[in-house]
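S.K.: First the structure, then my questions, so here it is.
Since every read-out is calculated from the coordinates, none of them should be taken as a lab result. Quantities reported herein were computed from a predicted structural model and do not represent experimental measurements. Using ideal geometry, Cβ is built from the backbone for each residue, glycine included, and neighbour counts are taken over all protein chains shown.
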Amino acid sequence: MHPAIPQLLELQRLDQVIASSRAELDSLPKKLKEADAKLSGARAAVAAAKDAHTQALTHRKKLELDVEEWRSRAKKYREQSSSVKTNEAYKALQHEIANAEGEVSKAEDLVLEQMMAVEEVERRVKHVEADLREAEQAIAAEKKQMQTQYGGKKKNLEAALVEREQVAKRVPEELLDLYVRIDRKHPGSALAEARGEQCRACGVRVLPHVLQMLKTETDEEVYRCETCGRILYSLEPIPHALPKETANGAASS
Ligand SMILES: [Zn+2]
């Protein structure tokens, strides 16, 4: 097995970290937008309640004008009644006055009812406005948390990029080029463990002599899976320069 395999495995681990960090960072604007979208329901409720309030006020105004109109009619009839000549005309006017006053009273009742309706709508406006404020606070907190996570992930990404550069320097150029080419085809898994006589990436059998060479520490060849083309490595014996958790991480990919 080529002595730079441990560095390549580390490179692969870092490339996985870099790819997943980038994917998470790229998803942030969408997540922020989704969080904002959660407010649209609460905002629509406020707009609807305010609309209902305007309509209720308009209706109250109209009913108040009705009261005014019937009052002025009653007043006009009373003024006319002082100048009528006949008894019949006087009686007719009295009838009109009584009718107009009845209408005033009915219209006043309606105004009262509408005032209560307006108050009810005002309570609803306050209620949905409070709901909206609460939702806004919750979303603001959620977004703040996302921004904090974003900051952390960005740092991780930057650290991984710096580390990758360092590790890449320790890999022979030709081998690095090969790794990059295979990684382009199989992102995050340019290397595959050869275990149980199989390439663990594609499942196809690895020839016994290749397995044997992979386990030979003095061997410096690069072996690739004949089927998927990935660079093969063996963890038996575990390459000594390789930290254990790195080996496990790469093996499970
Ligand atoms: Zn394979």
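S.K.: Label points 7 Å out from Cα along the Cβ direction at K91 and R78: separation in nm?
M.R.: 2.3 nm
S.K.: Going highest first, how would you order 185-192, 125-132, 26-33 by mean Cβ packing within 10 Å?
M.R.: Highest mean packing first, the order is 185-192, 125-132, 26-33.
S.K.: Rg and Dmax of the chain, using alpha carbons, in Å: what are they?
M.R.: 41.6, 135
S.K.: For helix 39-81, what angle does its Cα long axis make with the longest principal axis of the chain, in degrees from 0 to 90 and rounded to 10?
M.R.: 10 degrees
S.K.: Hey, what angle do you get for helix 5-26 against the long axis of the chain, alpha-carbon based, 0 to 90 degrees rounded to 10?
M.R.: The angle comes out near 10 degrees.
S.K.: About its Cα centre, what dipole magnitude does region 108-226 give when the only charges are +1 on Lys and Arg Cβ and -1 on Asp and Glu Cβ, stated in debye to the nearest 20?
M.R.: 880 debye
S.K.: Turning to a different aspect of this structure: May I ask which residue of V84, Q16, S105 lies farthest towards the positive end of the charge dipole of the chain, with charges of +1 (Lys, Arg) and -1 (Asp, Glu) on Cβ and the Cα centre as origin?
M.R.: The listed residue farthest towards the positive side: V84.
S.K.: Ratio of region 1-51's C-alpha Rg to 2.2 N^0.38 Å, to two decimals?
M.R.: Compared with the compact-globule rule of thumb, region 1-51 sits at 2.31.
S.K.: Here's another thing I want to ask about it. Residues with amide H under 5 Å of R195's amide H, sequence separation 5 or more or different chain, H placed in the peptide plane at 1.01 Å from N; which?
M.R.: R200
S.K.: Compute the helix-to-body angle for 87-169: its Cα long axis versus the longest principal axis of the chain, expressed 0 to 90° and rounded to tens.
M.R.: 10 degrees
S.K.: So for the chain, averaging the separation of alpha carbon pairs under 8 Å that are six or more residues apart and normalising by length, what relative contact order in percent results?
M.R.: Relative contact order comes out at 34 percent.
S.K.: What is the Cα centroid distance between region 188-221 and region 67-117, reported in whole angstrom?
M.R.: Spelled out, the Cα-based centre of one part sits 105 Å from the other.
S.K.: Size of the dipole of region 70-138 about the Cα centre, Lys and Arg at +1 and Asp and Glu at -1 on the beta carbon, nothing else charged, in debye to 20?
M.R.: The calculation lands at about 680 debye.
S.K.: Per the Kirkwood definition applied to all pairs of different Cα atoms, how many angstroms is the hydrodynamic radius of region 158-243?
M.R.: It works out to 13.8 Å.
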